[in-house]
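The values are calculated or read from the model by the stated rules, or taken from the named source; none is laboratory data. Since this is a predicted model, take the numbers as computed values, not measurements. Please note: Cβ atoms are built from the backbone with ideal geometry, for glycine as well, and neighbour counts cover all protein chains shown. With ligands, DNA and RNA removed, areas are computed over all heavy atoms of the protein, side chains included. Shrake-Rupley method; radii C 1.70, N 1.55, O 1.52, S 1.80 Å.
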Amino acid sequence: MATTDRYIHFLSKCWVGKSHDYTQLKVEFPAGEPWFKDLRVRVDLGYQGIVKDYECEQISIPEKKPRKGKLTEVQKESNRGKSSERVYVEQAIGGMKRFRYLSDRLRTRKVLLYESAIGICAGLWNFYLTN
């Protein structure tokens, strides 16, 4: 989780294999609690159920293209605006990947080592932002 200043505030534990983004969110932040009550949350289409499961001040989620249909120009423009707000999180992830440990092939099977390395990369990225 990152803010619009690209500062990383939260890293989840590492997940082995393929797992859905929203499943990870529900495990890290169980529904029913006021985790995001006073926050403006910007998510992508991987978080389709967040509106009904979590209480937020405001949730910004893009419009999904209907099956065998098209988005209107208004919906496309709205999605462009929402993605321009979400880009800061993607830039924060890219900033952590500058350290190449996260983008190169990892040859360790020790999850704790990998989680520590991710934390160090996030800390270095946040340090870069503050200086």
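Computed as a quarter of the hull surface, the mean projected area of the alpha carbon convex hull for region 65-124 stands at 6.5 nm². Taking every alpha-carbon pair under 8 Å whose residues sit at least 6 apart, region 22-118 reaches a relative contact order of 20 percent.
Working note: Karplus 6.51/-1.76/1.60 with θ = phi - 60° gives region 58-72 the couplings 7, 10, 10, 10, x, 6, 8, 5, x, 4, 6, x, 9, 7, 6 Hz, where Gly and Pro are set to x. Net charge dipole, the chain: roughly 760 debye, given to the nearest 20, about the Cα centre with Cβ charges of +1 for Lys and Arg and -1 for Asp and Glu.
Along the axis of the charge dipole computed for the chain (Cβ charges of +1 for Lys and Arg, -1 for Asp and Glu, origin at the Cα centre), the listed residues 117, 39, 1 are led at the positive end by 117.
Potential lengthening of the chain between residue 88 and residue 35 amounts to 17.0 nm, from the contour at 0.36 nm per residue minus the alpha-carbon distance.
For the chain, the carbon plus sulfur part of the accessible surface works out to 53%, probe radius 1.4 Å. Where only DSSP H runs of four or more residues are counted, the chain gives -14000 deg cm²/dmol as its mean residue ellipticity at 222 nm, each run worth -39500 (n - 2.57). To the nearest 10, the accessible area of residue 65 is 120 Å² with a 1.4 Å probe. The largest accessible area among 77, 115 belongs to the first residue in 77, 115, and the rest follow in falling order (1.4 Å probe, all chains). Using the Karplus relation 6.51 cos²θ - 1.76 cosθ + 1.60 with θ = phi - 60°, the per-residue 3J(HN,Hα) values for region 77-93 come to 5, 4, 5, 5, x, 5, 6, 5, 7, 7, 4, 5, 5, 5, 5, 5, 5 Hz, with x marking Gly and Pro.
Radius of gyration (Cα atoms) of region 1-130, expressed as a multiple of 2.2 N^0.38 Å: 1.18.
Assuming charge only on the beta carbon of Lys and Arg (+1) and of Asp and Glu (-1), the dipole of region 1-62 about its Cα centre is about 180 debye to the nearest 20.
In this structure the chain gives 73 Å² per residue of accessible area when probed at 1.4 Å with all protein chains present. Each residue of region 41-46 was assigned a 3J(HN,Hα) from its phi angle through the Karplus expression (A = 6.51, B = -1.76, C = 1.60, θ = phi - 60°), giving 9, 10, 10, 9, 5, x Hz with x at Gly and Pro. For the chain, the longest principal axis of the Cα atoms and the long axis of helix 111-130 meet at an angle of about 70 degrees.
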